[in-house]
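As structure tokens, the structure follows; a few thoughts come after it.
The values are calculated or read from the model by the stated rules, or taken from the named source; none is laboratory data. Quick caveat, the model's predicted, so the values are computed rather than measured. FYI the Cβ positions are ideal-geometry reconstructions off the backbone, even for glycines, and counts take in every protein chain you see.
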Amino acid sequence: MHKTIVIIPAYNEEKRIAAVVTGVCAAVPDAMVVVVNDCSRDDTVAVASKAGAIVVSHPFNMGYGAAIQTGYKYARNMGYDYLVQLDADGQHDPACIPALLAPVIAGEVDIVIGSRFLGNSYRPPFARRAGMALFRTIVSIVTGKFVTDTTSGFQAFNRDVISFFATDIFPVDYPDADMLIMLHRAGFRMSEVPVRMFENSEGKSMHSGLKPLYYMFKMLLSICVTLMREKGKGR
């Protein structure tokens, strides 16, 4: 029997984590739900545990990328066959998880990206749209396949990708478009499925203040480095 794990990186999400965990359990009742607590200063751990999740905690705050890689390493070490990741802020609809998993379980692809733009009216702020358009163009040119959502944190993938992401090659800062290019060059098969995206009720974003400028610089640099690496299978 195949084993599936759902990882949810979380930092100070006591208000929303219970609803996310409950939604995941309802959507995929046979899956293990693991919340990776990035040293939250509120009651995220207690609330997530009470909702039915296993909680893995960092001793200090390490950031989003490090949190999801902790989940990948946990999944690899525990021998899971499939992994789904989604955010803890309630914007990703857990009801979409079966649609994300289906092509991976069927062996059609290695990783499925949950796209906010396929058949949906999701419209981010102008500055983010511009950045997304830039990286969407770069990824589509490099991979030879049109990719609509290069910054989606809602994904599903198989054991090969879990192992690939659990290595030092994974960028723990902002793993987005660069990782899609890296996956393509390593020989992994990708596809997208439409997912539902809810509005951010509190208006918080990991790309606030001057962070978008740093993100753009870092992502372009990371893509350049990725393109200079030798192609090869990542499995």
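Do the conditions hold for Y82, that is, is it aromatic (F, W, Y), closer than 19 Å to V195 by Cβ and at pLDDT 95 or above? Walk me through how you get there before you give the answer.
Details: aromatic (F, W, Y): yes; closer than 19 Å to V195 by Cβ: yes; at pLDDT 95 or above: yes.
For Y82, the condition - aromatic (F, W, Y), closer than 19 Å to V195 by Cβ and at pLDDT 95 or above - is met.
Being in a loop (DSSP other than H, G, I, E, B) and under 18 Å from the mean Cα position of the chain (by Cα) is true for just one of D87, D30, D42. Which residue is that? Full working, then the answer.
Values: D30 fails: under 18 Å from the mean Cα position of the chain (by Cα); D42 fails: under 18 Å from the mean Cα position of the chain (by Cα).
On inspection, the qualifying residue turns out to be D87.
For the stretch 55-76, check the following and say yes or no: at least one residue is at pLDDT 95 or above, charged (D, E, K, R) and in contact with a strand residue (DSSP E or B) (Cβ under 8 Å, 6 or more places away or on another chain). No; the residues of the stretch 55-76 include none that is at pLDDT 95 or above, charged (D, E, K, R) and in contact with a strand residue (DSSP E or B) (Cβ under 8 Å, 6 or more places away or on another chain).
In the set (1) modelled with pLDDT of 70 or more; (2) more than 17 Å from G65 (Cα to Cα), the condition left unmet by G203 is number (1). Scanning the stretch 9-33 for residues that are touching a residue at least 12 places away in the same chain (Cβ under 8 Å) and either surrounded by fewer than 16 Cβ atoms within 10 Å (Cβ to Cβ) or under 20 Å from I105 (Cα atoms) (or both) gives A19, T22, V24, C25, A26, A27, V28, D30, A31, M32, V33. Could you say whether any residue in the stretch 7-16 is at pLDDT 95 or above, over 23 Å from I162 (Cα atoms) and out of contact with any helix residue (DSSP H, G or I) (no Cβ under 7 Å at 6 or more places or on another chain)? Checked against the condition, which is being at pLDDT 95 or above, over 23 Å from I162 (Cα atoms) and out of contact with any helix residue (DSSP H, G or I) (no Cβ under 7 Å at 6 or more places or on another chain), the stretch 7-16 yields at least one hit.
Here are some residues: D149, D168. Which one is under 18 Å from F117 (Cβ atoms) and in a loop (DSSP other than H, G, I, E, B)? Of D149, D168, the one residue that is under 18 Å from F117 (Cβ atoms) and in a loop (DSSP other than H, G, I, E, B) is D149. Which ones in the stretch 65-114 are within 16 Å of C25 (Cα to Cα) and crowded, with 24+ Cβ neighbours inside 10 Å? Answer for the stretch 65-114, where residues must be within 16 Å of C25 (Cα to Cα) and crowded, with 24+ Cβ neighbours inside 10 Å: L83, V84, Q85, L86, A88, H92, P94, I97, L100, L101.
Scan the stretch 103-138 for residues that are modelled with pLDDT of 80 or more, part of a loop (DSSP other than H, G, I, E, B) and of a type in the set (G, A, S) and the total you get is 2.
Go through the stretch 47-58 and give me each residue that's part of a helix (DSSP H, G or I), in contact (Cβ under 8 Å) with a residue 24 or more places away in the chain and either closer than 17 Å to A95 by Cα or of a type outside the set (K, R) (or both). Write out each step before concluding.
Looking only at the stretch 47-58, we keep the residues that are part of a helix (DSSP H, G or I), and these are 47-51.
Add one more test, that the residue is in contact (Cβ under 8 Å) with a residue 24 or more places away in the chain, and what stays is 47-48, 50-51.
Matches in the stretch 47-58: V47, A48, A51.
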